[in-house]
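Take a look at the structure set out below.
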Amino acid sequence: GSIHSWDFGDGNSGADAVVIHTFNNTGFYYPSVTVISPAGCSATSILTGPIIVYAIPNPYFEADPYSTQIINPTVNFTNLSSIVPLTQDQITGYIWDFEDGDTTSVVNPTHNFRDTGSWDVKLIAITQYGCRDTFTRVIRI
């Protein structure tokens, strides 16, 4: 069969006809493949447009308090989300899920829990490119 030689543009290569590759860093990549036929004929193809790897948001928050009584069930959340690595990418949206049926997109919300229990509060951070990640922390009422 033919010989395939892939150059992913990030210092990594592959040698199969069909390859799966993970880019570990943000950036613009122009992969190419060179195919050599059994007769020794060679052709190289370079992707005309780049593969763009965007940064992943790093959602994180603190709560005040992490544990409280139902008599005062108000918890203040401080959003400390960031972009990793630091790039021009921006976090453009947040989705908070308090696990009690309430959600919000406020950056630093205050929430009143209506019942006792351990609540898995989730924060989803979303970039302008739709990249998203989730952070979960338990709040006890």
Computed for segment 62-141: size of charge dipole around the Cα centre, +1 on C-beta of each Lys and Arg, -1 on C-beta of each Asp and Glu, debye to nearest 20, value 60 debye
Between the alpha carbon centres of segment 24-70 and segment 82-108 the gap in Å comes to 21 Å
In whole percent, the Cα-Cα distances of segment 65-141 spread across 5 Å bins from 0 upward as 3, 15, 26, 22, 14, 10, 6, 3, 1
Distant alpha-carbon pairs in segment 1-84 (separation over 19 angstrom), percent
60 percent
Which residue, A17, A63, A39, has the most motion in a Gaussian network model of the chain that connects Cα atoms within less than 10 Å?
A39
Contact order relative to length of segment 47-141, as percent, for alpha carbon pairs under 8 angstrom and 6 or more apart
34 percent
Charge dipole (segment 39-141, unit charges on Cβ, about Cα centre) - positive-most of G49, T74, I126:
G49
Any idea what the dipole of the chain comes to, in debye rounded to 20, about its Cα centre with Lys/Arg Cβ at +1 and Asp/Glu Cβ at -1?
80 debye
Can you send over the carbon and sulfur percentage of the accessible area for the chain, probe radius 1.4 Å, protein chains only?
51 percent
Determine the sum of side-chain charges near F98: Lys and Arg each +1, Asp and Glu each -1, restricted to other residues whose C-beta is under 12 angstrom from that of F98.
-3
To the nearest Å², the heavy-atom accessible area per residue of the chain with 1.4 Å probe amounts to 62 Å²
Taking the alpha carbon gyration tensor of the chain, what are the square roots of 5 times its eigenvalues, largest first, to the nearest whole Å?
49, 14, 10
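The values are calculated or read from the model by the stated rules, or taken from the named source; none is laboratory data. Since we're looking at a predicted model, the values are computed, not measured. Note that each Cβ is placed from the backbone with ideal geometry, even for glycine, and that neighbours are counted across all protein chains shown. The area values use the complete protein model at the heavy-atom level, side chains included, leaving out ligands, DNA and RNA. Shrake-Rupley method; radii C 1.70, N 1.55, O 1.52, S 1.80 Å.
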